[in-house]
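One structure is given below, encoded as structure tokens.
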Amino acid sequence: MSHRESNHEVRPLLGQVADSVSQAIAHAYPELAGADPLVRRSEHADFQSNAALALAKRARTKPAELAQALTSAMAGERVERVEVSGPGFLNITVPDQLIWGQVAARLASPRLGVGTPTAAQRIVIDYSAPNIAKEMHVGHLRTTIIGDSLARVLGFLGAEVIRQNHLGDWGTQFGMLIQYLDEHPDATWHHDELAAGTSAVSALDELYRAARAAFDADPDFAERSRNRVVALQAGDPDTVARWKEIVAESEKAFRDIYDRLGVLLTPEDSVGESFYNPMLADVIDELTKAGIAVESEGALVIFSDEVTGPEGKPALLMVRKRDGGYGYDTTDLATIRYRIHDLKADRLLYVTDSRQALHFQLIFEAARRAGWLTDDIDAAHVPYGTVLGPDGRPFKTRSGGTVRLMDLLDDAVNRAREVVREKNPDLPREELDRIAEQAGIGAVKYADLSTSRIKDYVFDVDRMVSFTGNTGVYLQYAHTRIRSILRKAGDPDVTVDPSIALHPAERALALELDDFGPTLAAVAETLEPHKLCGYLYDLARDFTTFYEACPVLNAEEPVRSNRLALCRLTAHTLRQGLGLLGISAPERM
Ligand code: ARG
């Protein structure tokens, strides 16, 4: 089998075997045609099907008999052997030749033969969304990393992904801040005026606190601040210019973090809350006319039909406050309408922490009642748990303050530099710095992505940067080891000989490699990047077992070429998989 470059999907064996079982079902029991063949990977053979157990009742027979009937109907080129085990499991072994064929075909494809199951979808992903004039803190870490990984996976699988950074760039707090800045012309907060290492946004953050203190202590200042809000909303040019300046300075600081994290977000993806201001009146009008938004105690609200809050009262969205102001709820109503009507999304994802679950449930309910969110559109809140400190409580600095994201990344990179230097003391300084950056950032991302999304996890830098265990550094290192084998072999283009009998360790590795596409499809469906992490970890371990059992460089041809092909496909799959988590795969470390 030669090296043809092809962009075609290489159908996973899992799917091919499922087809065989489906055909056998339809053949042996036409009345059961279309039933789920229930095939999965197995310890006892290459694959196992539970169909006989699940369908026996409908077939009015015993599972063992049904299994026997399916076995007889299953002969074919995709199947080497079928054995009935236990009460009626089908243990299915595929021919070696077929497995080598998959390896060769995946190696020849720039996308490793992975199909494009989400190709027809336009998916809007709302993630990161920090608040202007405030420091990005540990709370923004997860949304940024998880959202970015989902954007990558869904995009790789063919979807048109529209990233939306719903910046908190509007609200009454800006009146206070602008007024304070005007009254304190000496305050330094611009990026270029500040000492290196301090960010404009931390300066703003401090001014914001000072403004808040003044607001609470001084009723005259509070009054002037409220007038500023009115001026801002009315579009007073000086006030608006100041506001724009604050937004721009904050965005510069966010950009520093995005660059460092290596996330896909660009300035074009920033569509903050203020963007929706011109749409609010119309949205409210529509909701009021439809009788969905109703007056209540001087405010305009939407009572939920589905959710009751405390004291048995229906939960509600605040559409217009008693003072006439619009808030977070109003903006999200305009946002969902815009994303459906203007962006024409098929799928809407909102990546925020789990405490916002009720908010989005109410927004989706209102959008359904308004007729915007129809059955053909899938809207989902993608919630995640809290980042905890070593004491098991929400992560705080020693003095109890919020942890700046930049400090956290510095810390991880410094620790990564130590462990990499220990492992490889001869690395030149510059390369060490570069690798430490990739390892440290990768470690933070991997630790975040590898736990089930909804769970809280403990931010433990020492564990994250470890070369052993389920860590990003371990996977990066596994990749460098394979790259080094390939370099020693001269990185040749290899041809796979499909007639070679597979060693059990080669077989396990090849079958795992074949499972990359189905794993990504599962991530796309469940929105759980940890499934990809777990897959890559298993893959790296299967490679280790293979490499211990099967010599590569010293093997005779054609076995040597076949094994080099496995090495190369493993390296590509690890690099591609890490890439989809937003983690880089250095050549050496
Ligand atoms: N800025 C908000 C926060 O920091 C998150 C916004 C999430 N997106 C949305 N459409 N509401 O909590």
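None of the figures in this text is laboratory data; all of them are computed from the coordinates on show. All values derive from a computational prediction rather than experimental measurement. Positions of Cβ are backbone-derived with ideal geometry, glycine not excepted, and every protein chain shown enters the neighbour counts.
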- prompt: When we measure straight from the Cα of residue 244, which aspartates and glutamates land under 15 angstrom away, once same-chain ones fewer than 8 places off are left out?
  reply: 169, 182, 236, 273
- prompt: Using the eigenvalues of the Cα gyration tensor, what equivalent ellipsoid semi-axes result for region 185-331 when each is taken as the square root of five times the eigenvalue, whole Å, largest first?
  reply: 34, 21, 16
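Just check region 305-354 against the gyration tensor rule for me: Cα atoms, a ≥ b ≥ c as the square roots of the eigenvalues, rounded for a/c under 1.5, and otherwise prolate or oblate depending on whether a/b exceeds b/c. If you can, show how the numbers build up before the last one.
Numbers: a/c = 2.32, a/b = 1.43, b/c = 1.62.
Cα axes put region 305-354 in the oblate bin.
Work out how much length residue 33 to residue 213 would gain on full extension: take 0.36 nm times their residue separation and subtract the Cα-Cα distance, in nm to one decimal. Before the final figure, lay out the partial values.
Details: separation 180, 0.36 × 180 = 64.80 nm, distance 7.11 nm.
This chain segment gains 57.7 nm when fully extended.
What is the extension gain from residue 172 to residue 223, computed as 0.36 nm multiplied by their sequence separation minus the C-alpha to C-alpha distance, in nm to one decimal? Intermediate results must be reported in sequence, preceding the final value.
Details: separation 51, 0.36 × 51 = 18.36 nm, distance 1.22 nm.
The span from residue 172 to residue 223 would gain 17.1 nm if fully extended.
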task: Could you calculate the contour length gain from residue 313 to residue 182, that is, 0.36 nm times the residue separation minus the distance between their Cα atoms, to one decimal place in nm?
output: 42.7 nm
- line: For residue 396 and residue 119, extending 7 Å from Cα along the Cα-Cβ vector and measuring point to point gives, in nm, a value of 5.3
task: Compute the distance in nm between two label points, each set 7 Å from the Cα along the Cα-to-Cβ direction, one at residue 296 and one at residue 555.
output: 6.8
task: Please give every one of the lysines within straight-line cross-link reach of residue 531, meaning a C-alpha to C-alpha distance under 17 Å, and leave out same-chain neighbours fewer than 8 residues apart.
output: 445, 455
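To two decimal places, what compactness ratio does region 250-292 give when its Cα radius of gyration is scaled by 2.2 N^0.38 Å?
Details: Rg = 16.6 Å, N = 43, 2.2 N^0.38 = 9.2 Å.
Dividing the Cα radius of gyration by 2.2 N^0.38 Å gives 1.81.
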message: Among 17, 44, 307, whose Cα projects farthest towards the positive end of the dipole of the chain, with charges put on the beta-carbon of Lys, Arg (+1) and Asp, Glu (-1)?
response: 44
All lysines inside 23 Å of residue 313 as judged from Cα atoms, apart from same-chain residues fewer than 8 positions distant: 321
- request: Mark the label point 7 Å from the Cα of residue 192 along Cα→Cβ and return the residues of region 228-249 whose backbone N is within less than 20 Å of it.
  value: 241-249
statement: Share (percent) of C-alpha pair distances in the chain greater than 37 Å works out to 46
- prompt: Given the C-alpha centroids of region 146-190 and region 438-488, what is the distance between them in whole angstrom?
  reply: 29
- prompt: Under a plain spin-label model, where a point goes 7 Å from the Cα along Cα-to-Cβ, how far apart in nm are residue 65 and residue 289?
  reply: 6.6
- request: First measure r as the distance between the Cβ atoms of residue 26 and residue 380, then evaluate 1/(1 + (r/R0)^6) with R0 = 30 Å and state the FRET efficiency to the nearest 0.05.
  value: 0.30
- prompt: Three principal axis extents, largest first, for the C-alpha atoms of region 1-118, in Å?
  reply: 49, 29, 22
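With r as the distance between the Cβ atoms of residue 525 and residue 342 and R0 = 30 Å, compute the FRET efficiency 1/(1 + (r/R0)^6) and round to 0.05. Can you show the working numbers first?
Details: r = 27 Å, r/R0 = 0.89.
The formula returns an efficiency of 0.65 here.
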message: Cβ neighbours within 10 Å, averaged per peptide: list 229-237, 401-409 in order, most packed at the top.
response: 401-409, 229-237
message: Taking loop as defined by DSSP and a crowding limit of 16 other beta carbons within 10 Å, which GluC sites (Glu not before Pro) in region 241-332 fit?
response: 297
- request: Output the relative contact order of region 351-491, whole-number percent, from Cα pairs under 8 angstrom with separation of 6+ residues.
  value: 23
statement: Over the Cα atoms of region 358-400 the radius of gyration and the largest Cα-Cα distance (Dmax), both in Å, equal 17.6, 50
message: I'd like to compare 574-581, 33-40: which one has the highest average count of other Cβ atoms within 10 Å, and what's the full order after that?
response: 574-581, 33-40
